[in-house]
Amino acid sequence: MTNTACHYAIVRFLPFVETGEFANVGIVMYAPTARYFDFQLSNKWRRLSGFFDKLDRRVFAQGVAAFSEELARTRQMAGQESSAQWVFDDLVRPREALFRFSAVRAVLAESPQAKLQELFDHYVE
């Protein structure tokens, strides 16, 4: 099998900007040659409550639901656009938000879908 170059970023939940503390809650991945764009997000509050014990659970639940919808729309745009690289780059650009992204990283994968799951298991689970 041939390997496909994939770009990915870790999705970080950062509810308190002043402390800079965050928890990894997902992965977004883009593989240009495979025309693949997808994401995986966790909605497990139990894990996060250990980090952010004073945060109302609804903030995370509502935030992750809204962010998941935004990522689904982005996936649709990336699938329809010839400029999917631009869509990915715009998504992961630095910004002040509840959910932020790590620096973009690259990996070779036989299957982008399997690699997305592997990265999610490693960084999030």
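Residues in segment 85-107 that are closer than 30 Å to ARG46 by Cβ, in contact (Cβ under 8 Å) with a residue 60 or more places away in the chain and open to solvent by 60 Å² or more (accessible area, probe 1.4 Å): GLU96, ALA103, VAL104, ARG105. Note on segment 108-122: residues that are in contact with an Asp or Glu (Cβ under 9 Å, 6 or more places away or on another chain), in a helix (DSSP H, G or I) and open to solvent by less than 100 Å² (accessible area, probe 1.4 Å) total 2. Evaluation of SER82 against the conditions (1) modelled with pLDDT of 90 or more; (2) exposed (fewer than 12 other Cβ atoms within 10 Å of the Cβ) shows that the sole unmet condition is (1). The set of residues in segment 74-107 being in a helix (DSSP H, G or I) and not polar (S, T, N, Q) consists of ARG75, MET77, ALA78, GLY79, ALA84, TRP86, VAL87, PHE88, ASP89, ASP90, LEU91, VAL92. Pull up segment 1-52, narrow it to residues that are among the acidic types (Asp, Glu) and in contact with a Leu (Cβ under 8 Å, 6 or more places away or on another chain), then point me to the one that is farthest from ALA97 (Cα to Cα). The extreme case among them is ASP38.
Considering the conditions (1) farther than 19 Å from GLU21 by Cβ; (2) touching a Phe, Trp or Tyr at 6+ places or on another chain (Cβ under 6 Å), ASN43 is excluded by exactly one of them, (2).
The values are calculated or read from the model by the stated rules, or taken from the named source; none is laboratory data. Model, not experiment: these values are computed from the prediction. Cβ sites come from the backbone with ideal geometry, for glycine too, and all protein chains shown count toward neighbours. Accessible surface is based on the protein model in full, side chains and every heavy atom, while ligands, DNA and RNA are left aside. Shrake-Rupley method; radii C 1.70, N 1.55, O 1.52, S 1.80 Å.
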